[in-house]
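Notes for the one structure printed next.
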Amino acid sequence: MADEWLASVRTIEEAREFVLKMGVCGILHDKTGAPNLWDAVDAPDKQPDETGWGDKMGKVWSWKNELPARYPGEIFYGKSRRGAILCSMEALKTLYAAQYRPLESLSETAQRLYGFIAQAPVTNAELKLLAGMTGKDYKSAYDRALQELQVAFQIVRVNRLDIENDTWTPFAAQYPDFRV
């Protein structure tokens, strides 16, 4: 089914249709052949002498955040065990049932980060400062704990068009009515 979408998505509305048809899709190219937004987008890739990201990467990267912000009742952006994904709210029920883990089962670092996130939405930079995890020595532990929280459906990126930086909030705060 994903093959019919190869290089066919030109607008954010078509990207919405793609995500809803696929149910779950990755963001960037997937070596296993799983559906992903990168392969579906019809835009020129970065040229060898071009600076910046190029048109295709710009669309994919902005749409991964814009789709759930524009269509919060239809599209979810988060992490699965395989990486960053977009999915329909219907598919989210299956993922949630398979991946949800209670906070107390997560690492001490993840629980500590969650404590700050639970107080108010917080950007990566702010969270690193609050947790005392700035600098290269903490990068791996911070990234691992943040991913652990996302995969366990404890936190999500805030879905707002006016927020550019990754800003984290508890999953239950953004999806208070979500039920499996």
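The values are calculated or read from the model by the stated rules, or taken from the named source; none is laboratory data. Remember, it's a predicted structure, so these values are computed and weren't measured experimentally. No Cβ is skipped: glycine too gets one built from the backbone with ideal geometry, and neighbour counts run over all protein chains shown.
Please work out which residue is surrounded by the most Cβ atoms within 10 Å (Cβ to Cβ), limiting yourself to the range 150-165 and to residues that are modelled with pLDDT under 95 and hydrophobic (A, V, I, L, M, F, W, C).
163
Could you check the range 1-79 for helices (runs of 4 or more DSSP H) lying wholly inside it with 2 or more residues that are out of contact with any strand residue (DSSP E or B) (no Cβ under 7 Å at 6 or more places or on another chain) and either aliphatic (A, V, I, L, M) or touching a residue at least 40 places away in the same chain (Cβ under 8 Å) (or both)?
Helices (runs of 4 or more DSSP H) meeting the threshold: 12-22, 55-70.
Inside the range 1-38, can you point out the residues that are among the β-branched types (Val, Ile, Thr) and crowded, with 16+ Cβ neighbours inside 10 Å?
Correct list: 9, 19, 24, 27.
List pairs: first residue in the range 111-123 and of a type in the set (Gly, Ala, Ser) and in a helix (DSSP H, G or I), second residue surrounded by 16 or more Cβ atoms within 10 Å (Cβ to Cβ) and modelled with pLDDT of 95 or more anywhere in the structure, Cβ distance under 6 angstrom, at least six positions apart or on different chains.
none
With (1) surrounded by 15 or more Cβ atoms within 10 Å (Cβ to Cβ); (2) without any contact (Cβ under 8 Å) to a residue 60 or more places away in the chain; (3) in the same structural domain as residue 63 (by TED's automatic domain parsing) as the list, and residue 106 as the residue in question, which single condition is left unmet?
Every condition holds for residue 106 apart from (3).
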